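Note sheet for the following structure.
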Amino acid sequence: MTLKFENCYAKLGDRFSVAMGPDPLSNPKAVITNAALLKSLRLDNYSHDDLLGLFSGHQIPKSASPLAMVYAGHQFGGYSPQLGDGRGVLIGQVRDTENKLIDLHLKGAGKTPFSRMGDGRAVLRSCIREFLASEALFHLGIPTTRALAITTGDEQVRRETIENASLLMRASDSHIRFGSFEYFSYTDQHTELKQLCDYTIETHFPELKNSDKPYDALLFAASEKTGNLIAHWQAFGFAHGVMNTDNMSIIGQTFDYGPYGFMENYDPYYICNHSDDQGRYAFNRQPEMGRWNCQALSQALAPLTTPDVLEKALNCYEETFLSCYHGLMTKKLGFSTSKPEDKALYEDLLDLLEGYGIDYTIFFRSLSQYCAGKDFHSLLSNQNSAVSFAPWFDRYNKRLQMDILSETDRHKQMCSTNPKFILRNYLAQKAIQNSEAGDHSELHRLYDILKSPYNEQLDQEQYAQETPDWGQNLQISCSS
Ligand code: AMP
Ligand code: MG
(Lines give C-alpha, C1' and ligand atoms only; values in the text may rest on other atoms or scores of the structure.)
(Ligands and ions follow the chains in the order given, each with its own letter.)
Protein backbone atom coordinates (compact mmCIF):
# COMPACT_ATOMS: atom_id res chain seq x y z
CA MET A 1 0.00 0.00 0.00
CA THR A 2 1.51 3.33 -1.06
CA LEU A 3 -0.77 5.53 0.99
CA LYS A 4 1.23 8.43 2.37
CA PHE A 5 1.00 9.08 6.08
CA GLU A 6 2.68 11.63 8.29
CA ASN A 7 2.77 11.74 12.05
CA CYS A 8 3.56 15.12 13.56
CA TYR A 9 2.59 13.93 17.03
CA ALA A 10 5.33 11.26 16.90
CA LYS A 11 7.90 14.02 16.37
CA LEU A 12 7.15 15.43 19.81
CA GLY A 13 9.19 12.56 21.26
CA ASP A 14 8.74 9.54 23.45
CA ARG A 15 7.49 11.42 26.52
CA PHE A 16 4.23 12.01 24.62
CA SER A 17 3.45 8.56 23.38
CA VAL A 18 4.63 4.99 22.98
CA ALA A 19 5.47 3.92 19.44
CA MET A 20 3.45 0.82 18.62
CA GLY A 21 1.23 -0.57 15.92
CA PRO A 22 -2.21 -2.13 16.17
CA ASP A 23 -2.78 -5.78 16.97
CA PRO A 24 -4.59 -6.86 13.76
CA LEU A 25 -8.04 -8.44 13.84
CA SER A 26 -8.19 -12.02 12.67
CA ASN A 27 -10.37 -12.76 9.64
CA PRO A 28 -11.51 -9.14 9.25
CA LYS A 29 -14.77 -8.20 7.57
CA ALA A 30 -15.92 -4.71 6.61
CA VAL A 31 -19.09 -3.62 8.41
CA ILE A 32 -19.58 -0.07 7.18
CA THR A 33 -17.48 2.61 5.49
CA ASN A 34 -18.03 6.36 5.23
CA ALA A 35 -17.67 6.94 1.48
CA ALA A 36 -17.81 10.76 1.58
CA LEU A 37 -15.14 10.97 4.26
CA LEU A 38 -13.02 8.41 2.42
CA LYS A 39 -13.17 10.71 -0.57
CA SER A 40 -12.36 13.86 1.35
CA LEU A 41 -9.34 12.07 2.85
CA ARG A 42 -8.28 11.06 -0.68
CA LEU A 43 -8.52 7.37 0.20
CA ASP A 44 -11.26 6.55 -2.28
CA ASN A 45 -8.91 5.24 -4.98
CA TYR A 46 -7.55 2.44 -2.85
CA SER A 47 -8.86 -1.07 -3.38
CA HIS A 48 -11.29 -2.70 -0.98
CA ASP A 49 -8.52 -5.08 0.13
CA ASP A 50 -6.03 -2.28 0.78
CA LEU A 51 -8.57 -0.38 2.86
CA LEU A 52 -9.62 -3.49 4.75
CA GLY A 53 -5.92 -4.09 5.43
CA LEU A 54 -5.60 -0.60 6.87
CA PHE A 55 -8.86 -0.61 8.82
CA SER A 56 -8.19 -4.04 10.34
CA GLY A 57 -4.64 -3.16 11.37
CA HIS A 58 -3.00 -5.67 8.99
CA GLN A 59 -1.51 -3.27 6.50
CA ILE A 60 -0.11 -0.15 8.08
CA PRO A 61 1.77 1.94 5.50
CA LYS A 62 5.51 2.35 6.09
CA SER A 63 5.15 6.13 6.25
CA ALA A 64 2.88 5.91 9.30
CA SER A 65 4.38 6.01 12.80
CA PRO A 66 1.57 4.52 14.89
CA LEU A 67 1.56 5.31 18.58
CA ALA A 68 -0.46 5.23 21.79
CA MET A 69 -0.80 8.67 23.39
CA VAL A 70 -0.34 9.28 27.09
CA TYR A 71 -2.78 11.45 29.02
CA ALA A 72 -4.39 11.76 32.44
CA GLY A 73 -7.82 13.00 33.42
CA HIS A 74 -10.39 13.91 36.01
CA GLN A 75 -12.90 11.07 35.99
CA PHE A 76 -16.19 11.87 37.76
CA GLY A 77 -14.34 14.58 39.66
CA GLY A 78 -11.42 12.45 40.88
CA TYR A 79 -7.97 12.73 39.35
CA SER A 80 -6.50 9.70 37.56
CA PRO A 81 -2.82 10.53 37.08
CA GLN A 82 -2.23 8.19 34.19
CA LEU A 83 -4.70 7.02 31.58
CA GLY A 84 -3.58 7.06 27.96
CA ASP A 85 -4.75 5.22 24.86
CA GLY A 86 -5.60 1.89 26.44
CA ARG A 87 -7.32 0.45 23.41
CA GLY A 88 -6.49 2.62 20.47
CA VAL A 89 -3.56 3.81 18.44
CA LEU A 90 -3.05 6.95 16.44
CA ILE A 91 -2.03 5.47 13.10
CA GLY A 92 -0.88 8.79 11.69
CA GLN A 93 -2.16 11.68 9.65
CA VAL A 94 -3.29 11.96 6.07
CA ARG A 95 -3.83 15.13 4.05
CA ASP A 96 -7.40 15.79 3.05
CA THR A 97 -8.55 17.45 -0.17
CA GLU A 98 -7.98 20.84 1.48
CA ASN A 99 -4.41 19.83 2.36
CA LYS A 100 -5.26 19.71 6.03
CA LEU A 101 -3.66 16.99 8.18
CA ILE A 102 -6.24 14.65 9.67
CA ASP A 103 -5.53 12.10 12.43
CA LEU A 104 -6.61 8.52 11.83
CA HIS A 105 -7.06 6.69 15.11
CA LEU A 106 -7.87 3.00 15.27
CA LYS A 107 -10.05 2.30 18.30
CA GLY A 108 -10.00 -1.26 19.68
CA ALA A 109 -6.47 -1.91 18.39
CA GLY A 110 -5.29 -4.16 21.22
CA LYS A 111 -3.34 -3.81 24.43
CA THR A 112 -0.98 -0.90 24.97
CA PRO A 113 1.14 0.06 27.98
CA PHE A 114 -1.91 2.11 29.09
CA SER A 115 -4.45 -0.71 29.00
CA ARG A 116 -4.35 -1.31 32.76
CA MET A 117 -6.79 -4.21 33.37
CA GLY A 118 -8.49 -3.88 29.98
CA ASP A 119 -8.09 -6.14 26.96
CA GLY A 120 -7.48 -3.27 24.56
CA ARG A 121 -10.40 -4.24 22.38
CA ALA A 122 -13.69 -2.64 21.42
CA VAL A 123 -16.86 -4.54 20.54
CA LEU A 124 -19.12 -4.21 17.52
CA ARG A 125 -21.86 -2.61 19.63
CA SER A 126 -19.64 0.23 20.88
CA CYS A 127 -18.11 0.82 17.43
CA ILE A 128 -21.58 1.09 15.87
CA ARG A 129 -22.74 3.46 18.60
CA GLU A 130 -19.76 5.76 18.03
CA PHE A 131 -20.04 5.52 14.23
CA LEU A 132 -23.73 6.42 14.16
CA ALA A 133 -23.59 9.15 16.79
CA SER A 134 -20.53 10.94 15.50
CA GLU A 135 -21.90 10.96 11.96
CA ALA A 136 -25.35 12.00 13.20
CA LEU A 137 -23.85 14.94 15.10
CA PHE A 138 -21.68 15.91 12.16
CA HIS A 139 -24.67 16.09 9.83
CA LEU A 140 -26.65 18.05 12.41
CA GLY A 141 -23.82 20.61 12.47
CA ILE A 142 -22.42 19.82 15.93
CA PRO A 143 -18.60 19.80 16.25
CA THR A 144 -17.43 16.19 16.47
CA THR A 145 -14.80 13.64 15.56
CA ARG A 146 -15.79 11.59 12.51
CA ALA A 147 -16.11 7.87 11.84
CA LEU A 148 -14.47 6.38 8.78
CA ALA A 149 -15.02 2.63 9.00
CA ILE A 150 -15.92 -0.32 11.20
CA THR A 151 -14.30 -3.73 10.83
CA THR A 152 -15.20 -6.83 12.78
CA GLY A 153 -13.28 -10.04 13.28
CA ASP A 154 -13.40 -13.54 14.75
CA GLU A 155 -11.69 -12.75 18.03
CA GLN A 156 -14.04 -12.99 20.98
CA VAL A 157 -13.92 -10.72 23.98
CA ARG A 158 -15.72 -10.89 27.27
CA ARG A 159 -18.04 -8.10 28.38
CA GLU A 160 -21.39 -8.91 30.07
CA THR A 161 -21.54 -11.59 27.39
CA ILE A 162 -19.03 -12.83 24.82
CA GLU A 163 -18.85 -10.42 21.86
CA ASN A 164 -16.82 -10.02 18.70
CA ALA A 165 -13.82 -7.71 18.79
CA SER A 166 -14.19 -4.88 16.30
CA LEU A 167 -12.35 -1.77 15.22
CA LEU A 168 -13.46 1.76 14.55
CA MET A 169 -11.29 4.03 12.41
CA ARG A 170 -11.88 7.51 13.76
CA ALA A 171 -10.85 10.72 12.00
CA SER A 172 -10.29 14.09 13.61
CA ASP A 173 -8.11 17.19 13.40
CA SER A 174 -6.85 16.37 16.87
CA HIS A 175 -6.71 13.69 19.54
CA ILE A 176 -5.35 16.05 22.18
CA ARG A 177 -7.51 16.14 25.29
CA PHE A 178 -7.69 18.41 28.34
CA GLY A 179 -6.19 15.39 30.14
CA SER A 180 -3.09 15.50 27.90
CA PHE A 181 -2.15 18.85 29.48
CA GLU A 182 -3.07 17.63 32.96
CA TYR A 183 -0.68 14.71 32.58
CA PHE A 184 2.36 16.88 31.84
CA SER A 185 1.41 19.52 34.36
CA TYR A 186 0.92 17.18 37.32
CA THR A 187 3.99 15.07 36.58
CA ASP A 188 6.00 18.32 36.66
CA GLN A 189 7.10 17.93 33.07
CA HIS A 190 6.72 21.61 32.35
CA THR A 191 9.08 21.69 29.37
CA GLU A 192 6.85 19.05 27.77
CA LEU A 193 3.73 20.94 28.83
CA LYS A 194 5.07 23.97 26.96
CA GLN A 195 6.00 21.77 24.01
CA LEU A 196 2.45 20.38 23.89
CA CYS A 197 0.96 23.89 24.06
CA ASP A 198 3.27 25.10 21.27
CA TYR A 199 2.30 22.09 19.16
CA THR A 200 -1.40 22.68 19.82
CA ILE A 201 -1.13 26.35 18.90
CA GLU A 202 0.94 25.66 15.79
CA THR A 203 -1.35 22.88 14.59
CA HIS A 204 -4.83 23.87 15.75
CA PHE A 205 -4.77 27.55 16.70
CA PRO A 206 -2.15 29.14 14.39
CA GLU A 207 -3.87 32.53 14.73
CA LEU A 208 -2.65 32.65 18.37
CA LYS A 209 1.02 32.31 17.45
CA ASN A 210 1.75 36.00 17.54
CA SER A 211 -0.25 36.70 20.66
CA ASP A 212 1.60 38.44 23.55
CA LYS A 213 0.57 35.66 25.89
CA PRO A 214 0.02 32.63 23.65
CA TYR A 215 -0.72 30.17 26.49
CA ASP A 216 -3.34 32.44 28.02
CA ALA A 217 -4.80 32.80 24.55
CA LEU A 218 -4.82 29.03 24.08
CA LEU A 219 -6.77 28.58 27.31
CA PHE A 220 -9.29 31.24 26.29
CA ALA A 221 -9.70 29.77 22.81
CA ALA A 222 -10.22 26.24 24.15
CA SER A 223 -12.74 27.58 26.69
CA GLU A 224 -14.66 29.33 23.90
CA LYS A 225 -14.67 26.19 21.76
CA THR A 226 -15.97 24.20 24.72
CA GLY A 227 -18.72 26.76 25.37
CA ASN A 228 -19.74 26.57 21.73
CA LEU A 229 -19.77 22.77 21.83
CA ILE A 230 -21.92 22.46 24.92
CA ALA A 231 -24.36 25.11 23.66
CA HIS A 232 -24.89 22.83 20.65
CA TRP A 233 -25.43 19.76 22.85
CA GLN A 234 -28.04 21.63 24.89
CA ALA A 235 -29.85 23.04 21.88
CA PHE A 236 -30.03 19.67 20.11
CA GLY A 237 -30.79 17.66 23.24
CA PHE A 238 -27.60 15.59 23.23
CA ALA A 239 -26.23 14.13 26.45
CA HIS A 240 -22.61 12.98 26.31
CA GLY A 241 -22.65 10.95 29.49
CA VAL A 242 -18.93 10.92 30.41
CA MET A 243 -17.59 14.47 30.38
CA ASN A 244 -14.35 13.49 32.09
CA THR A 245 -11.39 15.71 31.17
CA ASP A 246 -9.81 12.82 29.25
CA ASN A 247 -12.86 12.91 26.97
CA MET A 248 -12.70 16.67 26.35
CA SER A 249 -11.08 17.60 23.07
CA ILE A 250 -8.86 20.68 23.10
CA ILE A 251 -10.45 21.79 19.83
CA GLY A 252 -13.99 21.56 21.23
CA GLN A 253 -15.29 18.54 19.36
CA THR A 254 -17.62 15.89 20.77
CA PHE A 255 -15.13 13.19 21.63
CA ASP A 256 -15.15 9.56 22.85
CA TYR A 257 -18.71 8.39 22.56
CA GLY A 258 -19.79 6.03 25.33
CA PRO A 259 -23.22 5.83 26.97
CA TYR A 260 -24.50 9.01 25.26
CA GLY A 261 -28.17 9.66 24.52
CA PHE A 262 -30.39 12.02 22.59
CA MET A 263 -33.15 13.59 24.59
CA GLU A 264 -36.54 12.20 23.59
CA ASN A 265 -39.34 13.39 25.92
CA TYR A 266 -37.94 16.63 27.29
CA ASP A 267 -36.43 15.96 30.69
CA PRO A 268 -33.69 18.29 31.91
CA TYR A 269 -32.65 15.74 34.55
CA TYR A 270 -32.01 13.06 31.94
CA ILE A 271 -29.03 10.82 32.83
CA CYS A 272 -27.97 8.69 29.89
CA ASN A 273 -25.13 6.92 31.71
CA HIS A 274 -26.57 4.22 33.96
CA SER A 275 -23.41 4.12 36.05
CA ASP A 276 -23.59 7.87 36.78
CA ASP A 277 -25.39 7.38 40.10
CA GLN A 278 -25.00 10.97 41.27
CA GLY A 279 -26.13 12.45 37.96
CA ARG A 280 -22.90 14.40 37.64
CA TYR A 281 -23.30 14.40 33.86
CA ALA A 282 -27.09 14.75 33.73
CA PHE A 283 -28.29 16.75 30.71
CA ASN A 284 -28.94 19.96 32.65
CA ARG A 285 -25.54 19.79 34.37
CA GLN A 286 -23.54 19.66 31.15
CA PRO A 287 -23.04 23.46 30.98
CA GLU A 288 -21.75 23.50 34.57
CA MET A 289 -19.52 20.49 33.92
CA GLY A 290 -18.10 22.16 30.81
CA ARG A 291 -17.17 25.07 33.05
CA TRP A 292 -15.67 22.69 35.61
CA ASN A 293 -13.53 21.16 32.87
CA CYS A 294 -12.33 24.56 31.67
CA GLN A 295 -11.32 25.27 35.24
CA ALA A 296 -9.38 21.98 35.31
CA LEU A 297 -7.65 22.96 32.06
CA SER A 298 -6.82 26.36 33.49
CA GLN A 299 -5.24 24.74 36.55
CA ALA A 300 -3.20 22.39 34.35
CA LEU A 301 -1.89 25.32 32.31
CA ALA A 302 -1.07 27.40 35.41
CA PRO A 303 2.72 26.90 35.10
CA LEU A 304 2.61 28.75 31.75
CA THR A 305 -0.17 31.27 32.15
CA THR A 306 -0.56 34.56 34.03
CA PRO A 307 -2.16 34.46 37.48
CA ASP A 308 -5.52 36.01 36.64
CA VAL A 309 -6.44 33.75 33.71
CA LEU A 310 -8.94 31.52 35.48
CA GLU A 311 -11.66 34.12 35.80
CA LYS A 312 -11.14 35.28 32.22
CA ALA A 313 -11.21 31.72 30.88
CA LEU A 314 -14.44 31.00 32.71
CA ASN A 315 -15.88 34.23 31.31
CA CYS A 316 -14.88 33.14 27.80
CA TYR A 317 -16.62 29.83 28.40
CA GLU A 318 -19.78 31.30 29.89
CA GLU A 319 -20.19 34.14 27.43
CA THR A 320 -19.69 31.85 24.46
CA PHE A 321 -22.02 29.24 25.87
CA LEU A 322 -24.78 31.74 26.65
CA SER A 323 -24.64 33.64 23.39
CA CYS A 324 -24.35 30.50 21.28
CA TYR A 325 -27.18 28.73 23.11
CA HIS A 326 -29.37 31.82 22.90
CA GLY A 327 -28.63 32.14 19.18
CA LEU A 328 -29.43 28.49 18.52
CA MET A 329 -32.67 28.50 20.53
CA THR A 330 -33.99 31.68 18.90
CA LYS A 331 -33.12 30.22 15.51
CA LYS A 332 -35.03 27.08 16.45
CA LEU A 333 -38.02 29.31 17.20
CA GLY A 334 -37.67 30.86 13.75
CA PHE A 335 -36.54 34.39 14.59
CA SER A 336 -34.19 36.25 12.29
CA THR A 337 -32.41 37.96 15.19
CA SER A 338 -32.16 37.17 18.90
CA LYS A 339 -33.63 39.49 21.48
CA PRO A 340 -32.76 39.19 25.19
CA GLU A 341 -36.45 38.78 26.05
CA ASP A 342 -36.63 35.66 23.83
CA LYS A 343 -34.92 33.77 26.64
CA ALA A 344 -38.12 33.74 28.70
CA LEU A 345 -40.03 32.48 25.67
CA TYR A 346 -37.89 29.37 25.12
CA GLU A 347 -37.42 28.73 28.82
CA ASP A 348 -41.17 28.75 29.35
CA LEU A 349 -41.59 26.47 26.36
CA LEU A 350 -39.06 24.02 27.82
CA ASP A 351 -41.02 24.04 31.09
CA LEU A 352 -44.17 23.11 29.17
CA LEU A 353 -42.38 20.35 27.25
CA GLU A 354 -41.04 19.00 30.53
CA GLY A 355 -44.39 19.25 32.31
CA TYR A 356 -46.20 17.26 29.61
CA GLY A 357 -43.29 14.93 28.73
CA ILE A 358 -43.30 16.05 25.09
CA ASP A 359 -40.75 14.83 22.56
CA TYR A 360 -38.23 17.67 22.12
CA THR A 361 -37.21 16.97 18.51
CA ILE A 362 -40.71 16.22 17.23
CA PHE A 363 -42.17 19.33 18.87
CA PHE A 364 -39.64 21.73 17.33
CA ARG A 365 -39.96 20.04 13.95
CA SER A 366 -43.71 20.42 13.94
CA LEU A 367 -43.40 24.02 15.16
CA SER A 368 -41.35 24.58 11.99
CA GLN A 369 -44.55 24.08 9.94
CA TYR A 370 -46.71 26.30 12.15
CA CYS A 371 -48.39 29.35 10.59
CA ALA A 372 -48.47 32.39 12.88
CA GLY A 373 -51.84 33.04 14.47
CA LYS A 374 -53.30 29.71 13.34
CA ASP A 375 -54.61 26.88 15.46
CA PHE A 376 -51.78 25.11 17.29
CA HIS A 377 -53.66 22.03 18.53
CA SER A 378 -52.31 19.73 15.83
CA LEU A 379 -48.76 20.36 17.11
CA LEU A 380 -49.52 18.80 20.45
CA SER A 381 -49.35 15.07 20.98
CA ASN A 382 -51.22 15.51 24.25
CA GLN A 383 -54.43 17.57 23.91
CA ASN A 384 -54.66 17.98 27.70
CA SER A 385 -51.74 20.37 27.37
CA ALA A 386 -53.60 22.77 25.03
CA VAL A 387 -54.90 25.04 27.80
CA SER A 388 -51.41 25.46 29.20
CA PHE A 389 -49.88 26.02 25.77
CA ALA A 390 -52.43 28.67 24.71
CA PRO A 391 -50.82 31.65 26.53
CA TRP A 392 -47.43 30.58 25.23
CA PHE A 393 -48.68 30.54 21.64
CA ASP A 394 -50.18 34.01 22.16
CA ARG A 395 -46.73 35.33 23.07
CA TYR A 396 -45.10 33.40 20.26
CA ASN A 397 -47.55 34.79 17.70
CA LYS A 398 -46.84 38.35 18.85
CA ARG A 399 -43.10 37.75 18.62
CA LEU A 400 -43.44 36.27 15.12
CA GLN A 401 -45.39 39.33 13.97
CA MET A 402 -42.47 41.55 15.03
CA ASP A 403 -40.00 39.56 12.96
CA ILE A 404 -39.03 40.54 9.43
CA LEU A 405 -38.81 36.95 8.13
CA SER A 406 -41.59 35.94 5.76
CA GLU A 407 -43.51 32.80 6.68
CA THR A 408 -41.80 30.86 3.88
CA ASP A 409 -38.32 31.95 4.93
CA ARG A 410 -39.09 31.19 8.54
CA HIS A 411 -40.27 27.69 7.70
CA LYS A 412 -37.10 27.20 5.68
CA GLN A 413 -34.87 28.42 8.52
CA MET A 414 -36.68 26.31 11.07
CA CYS A 415 -36.55 23.16 8.96
CA SER A 416 -32.81 23.57 8.59
CA THR A 417 -32.38 24.11 12.35
CA ASN A 418 -34.88 21.66 13.81
CA PRO A 419 -33.98 18.15 12.64
CA LYS A 420 -36.59 15.60 11.70
CA PHE A 421 -34.26 12.66 12.38
CA ILE A 422 -32.11 12.08 15.44
CA LEU A 423 -30.39 8.93 16.62
CA ARG A 424 -32.93 7.45 18.99
CA ASN A 425 -31.54 4.78 21.26
CA TYR A 426 -33.92 2.09 20.10
CA LEU A 427 -33.00 2.74 16.45
CA ALA A 428 -29.32 2.30 17.23
CA GLN A 429 -30.14 -0.80 19.23
CA LYS A 430 -32.09 -2.38 16.37
CA ALA A 431 -29.20 -1.76 13.96
CA ILE A 432 -26.74 -3.21 16.49
CA GLN A 433 -28.79 -6.37 17.05
CA ASN A 434 -29.07 -7.02 13.32
CA SER A 435 -25.37 -6.34 12.77
CA GLU A 436 -24.41 -8.65 15.60
CA ALA A 437 -26.41 -11.34 13.78
CA GLY A 438 -24.44 -10.60 10.59
CA ASP A 439 -27.00 -8.41 8.77
CA HIS A 440 -25.71 -4.86 8.35
CA SER A 441 -28.55 -3.59 6.15
CA GLU A 442 -30.37 -1.80 8.99
CA LEU A 443 -27.13 -0.10 10.05
CA HIS A 444 -26.61 1.15 6.50
CA ARG A 445 -30.23 2.32 6.22
CA LEU A 446 -30.11 4.23 9.51
CA TYR A 447 -26.76 5.80 8.61
CA ASP A 448 -28.21 6.98 5.28
CA ILE A 449 -31.16 8.60 7.04
CA LEU A 450 -28.94 10.34 9.59
CA LYS A 451 -26.87 11.86 6.79
CA SER A 452 -29.80 14.17 5.93
CA PRO A 453 -31.46 14.89 9.27
CA TYR A 454 -33.17 18.05 8.03
CA ASN A 455 -34.66 16.55 4.86
CA GLU A 456 -38.23 15.31 4.84
CA GLN A 457 -37.34 11.79 3.56
CA LEU A 458 -41.04 10.98 3.36
CA ASP A 459 -40.44 7.28 2.78
CA GLN A 460 -38.64 7.03 6.14
CA GLU A 461 -41.39 8.50 8.31
CA GLN A 462 -41.22 5.73 10.92
CA TYR A 463 -37.62 6.73 11.80
CA ALA A 464 -38.86 10.22 12.78
CA GLN A 465 -41.55 9.02 15.14
CA GLU A 466 -41.60 8.73 18.88
CA THR A 467 -39.95 5.72 20.39
CA PRO A 468 -42.51 2.90 20.63
CA ASP A 469 -43.23 1.44 24.07
CA TRP A 470 -41.02 -1.61 23.50
CA GLY A 471 -38.09 0.70 22.77
CA GLN A 472 -38.43 2.78 25.93
CA ASN A 473 -36.01 2.15 28.77
CA LEU A 474 -33.85 -0.29 26.83
CA GLN A 475 -30.91 -1.21 29.01
CA ILE A 476 -27.88 -0.30 26.94
CA SER A 477 -24.71 -1.91 28.18
CA CYS A 478 -22.11 0.71 29.03
CA SER A 479 -19.12 -1.63 28.86
CA SER A 480 -17.44 -0.92 25.59
P1 AMP B 1 -13.40 5.74 28.11
O2 AMP B 1 -14.36 5.53 29.23
O3 AMP B 1 -13.72 4.95 26.86
O4 AMP B 1 -13.15 7.17 27.82
O5 AMP B 1 -12.02 5.11 28.61
C6 AMP B 1 -11.30 5.58 29.74
C7 AMP B 1 -9.92 4.97 29.71
O8 AMP B 1 -9.99 3.55 29.77
C9 AMP B 1 -9.13 5.29 28.45
O10 AMP B 1 -7.79 5.51 28.81
C11 AMP B 1 -9.29 4.05 27.62
O12 AMP B 1 -8.21 3.87 26.73
C13 AMP B 1 -9.32 2.96 28.68
N14 AMP B 1 -10.09 1.79 28.21
C15 AMP B 1 -11.41 1.70 27.97
N16 AMP B 1 -11.75 0.47 27.54
C17 AMP B 1 -10.61 -0.26 27.51
C18 AMP B 1 -10.28 -1.61 27.15
N19 AMP B 1 -11.20 -2.49 26.74
N20 AMP B 1 -8.99 -1.99 27.25
C21 AMP B 1 -8.06 -1.13 27.69
N22 AMP B 1 -8.28 0.13 28.05
C23 AMP B 1 -9.55 0.57 27.96
MG1 MG C 1 -12.11 8.16 26.71
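The values are calculated or read from the model by the stated rules, or taken from the named source; none is laboratory data. As the structure is a prediction and not an experimental result, all values here were calculated from the model. Counting neighbours? That spans all protein chains shown, and the Cβs are built from the backbone with ideal geometry, glycine included. When the accessible area is computed, the model is the full protein with side chains, heavy atoms only, and any ligands, DNA or RNA have been set aside. Shrake-Rupley method; radii C 1.70, N 1.55, O 1.52, S 1.80 Å.
Considering segment 19-40 alone, what residues qualify as being open to solvent by 60 Å² or more (accessible area, probe 1.4 Å) and aliphatic (A, V, I, L, M)?
Within segment 19-40, ALA19, ALA35, ALA36 meet the criteria.
Looking only at segment 6-27, count every residue that is closer than 20 Å to SER185 by Cα and either of a type in the set (Ser, Thr, Tyr) or assigned to a strand (DSSP E or B) (or both) and tell me the total.
Going through segment 6-27 one residue at a time, the tally reaches 3.
If a residue must be of a type in the set (Ser, Thr, Tyr) and under 23 Å from ILE142 (Cα atoms), how many such residues does segment 390-435 contain?
3
Take segment 267-280 and flag every residue that is in contact (Cβ under 8 Å) with a residue 60 or more places away in the chain and buried (at least 22 other Cβ atoms within 10 Å of the Cβ).
Selection gives ASN273 alone.
Does segment 311-331 contain at least one residue that is of a type outside the set (Asp, Glu), in a loop (DSSP other than H, G, I, E, B) and either modelled with pLDDT under 95 or under 23 Å from GLU466 (Cα atoms) (or both)?
Among the residues of segment 311-331, not one is of a type outside the set (Asp, Glu), in a loop (DSSP other than H, G, I, E, B) and either modelled with pLDDT under 95 or under 23 Å from GLU466 (Cα atoms) (or both), which makes the answer no.
Is it the case that some residue within segment 145-157 is out of contact with any Leu (no Cβ under 8 Å at 6 or more places or on another chain) and within 11 Å of ligand 1 (Cβ to nearest atom)?
Yes, there is a match, as at least one residue in segment 145-157 is out of contact with any Leu (no Cβ under 8 Å at 6 or more places or on another chain) and within 11 Å of ligand 1 (Cβ to nearest atom).
With in contact (Cβ under 8 Å) with a residue 60 or more places away in the chain and on the phi > 0 side of the Ramachandran plot as the only criterion, which of GLY241, GLY237, GLY258 stands out?
From the options GLY241, GLY237, GLY258, the qualifying one is GLY237.
Give me a count of the residues in segment 116-143 that are within 16 Å of ligand 2 (Cβ to nearest atom) and either modelled with pLDDT under 95 or open to solvent by 10 Å² or more (accessible area, probe 1.4 Å) (or both).
Here the count works out to 6.
Taking segment 51-94 as the search range and keeping residues that are open to solvent by 30 Å² or more (accessible area, probe 1.4 Å), in contact with an Asp or Glu (Cβ under 9 Å, 6 or more places away or on another chain) and closer than 17 Å to LYS11 by Cα, which one is farthest from ligand 2 (Cβ to nearest atom)?
SER63
Filter segment 406-424 for residues that are open to solvent by 10 Å² or more (accessible area, probe 1.4 Å), touching a helix residue (DSSP H, G or I) at 6+ places or on another chain (Cβ under 7 Å) and of a type outside the set (S, T, N, Q) and give the result.
Of everything in segment 406-424, just one residue is open to solvent by 10 Å² or more (accessible area, probe 1.4 Å), touching a helix residue (DSSP H, G or I) at 6+ places or on another chain (Cβ under 7 Å) and of a type outside the set (S, T, N, Q), namely LYS420.
Can ASP44 be described as open to solvent by 60 Å² or more (accessible area, probe 1.4 Å), part of a loop (DSSP other than H, G, I, E, B) and touching a helix residue (DSSP H, G or I) at 6+ places or on another chain (Cβ under 6 Å)?
For ASP44, the condition - open to solvent by 60 Å² or more (accessible area, probe 1.4 Å), part of a loop (DSSP other than H, G, I, E, B) and touching a helix residue (DSSP H, G or I) at 6+ places or on another chain (Cβ under 6 Å) - is met.
Kindly indicate the residue of segment 116-126 that is part of a loop (DSSP other than H, G, I, E, B) and either in contact (Cβ under 8 Å) with a residue 60 or more places away in the chain or more than 7 Å from ligand 1 (Cβ to nearest atom) (or both) and also farthest from THR187 (Cα to Cα) among those meeting that condition.
By that ranking, first place goes to GLY120.
Checking PRO268 against (1) more than 14 Å from ligand 1 (Cβ to nearest atom); (2) in a loop (DSSP other than H, G, I, E, B); (3) under 19 Å from CYS478 (Cβ atoms), which test does it fail?
(3)
What single numbered condition from (1) more than 16 Å from ligand 2 (Cβ to nearest atom); (2) within 30 Å of GLN465 (Cβ to Cβ); (3) in contact (Cβ under 8 Å) with a residue 60 or more places away in the chain fails to hold for TYR199?
(2)
Yes or no, residue by residue, for (1) open to solvent by less than 10 Å² (accessible area, probe 1.4 Å); (2) at pLDDT 95 or above; (3) under 30 Å from ASN382 (Cβ atoms):
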site: GLY237; (1), (2), (3): yes, yes, yes
site: THR254; (1), (2), (3): yes, yes, no
site: ASN265; (1), (2), (3): no, yes, yes
site: GLU288; (1), (2), (3): no, yes, no
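Which of the residues belonging to segment 235-249 are within 25 Å of SER479 (Cα to Cα) and either away from ligand 1 (no atom under 15 Å from the Cβ) or not β-branched (Val, Ile, Thr) (or both)?
GLY237, PHE238, ALA239, HIS240, GLY241, MET243, ASN244, ASP246, ASN247, MET248, SER249
For the subset of segment 97-108 comprising residues that are open to solvent by less than 20 Å² (accessible area, probe 1.4 Å) and touching a Lys or Arg at 6+ places or on another chain (Cβ under 7 Å), which member is nearest to ligand 1 (Cβ to nearest atom)?
For segment 97-108, the residue satisfying everything is GLY108.
Enumerate the pairs (first residue in segment 391-415 and closer than 10 Å to SER336 by Cα; second residue anywhere and part of a helix (DSSP H, G or I)) with beta-carbon separation below 7 Å, excluding pairs fewer than 6 apart on the same chain, so at least 6 apart or on different chains.
If the second residue must be part of a helix (DSSP H, G or I), the pairs left are LEU405/GLN413; GLN413/LYS331.
Would it be correct to say that PRO113 is part of a loop (DSSP other than H, G, I, E, B), crowded, with 18+ Cβ neighbours inside 10 Å and touching a residue at least 24 places away in the same chain (Cβ under 8 Å)?
no
Pairs under 6 Å by beta carbon, first residue more than 16 Å from ALA239 (Cβ to Cβ) and in a loop (DSSP other than H, G, I, E, B) in segment 417-435, partner open to solvent by less than 20 Å² (accessible area, probe 1.4 Å) and of a type in the set (Ser, Thr, Tyr), six or more apart or different chains?
The qualifying pairs are ASN418/SER368; PHE421/TYR463.
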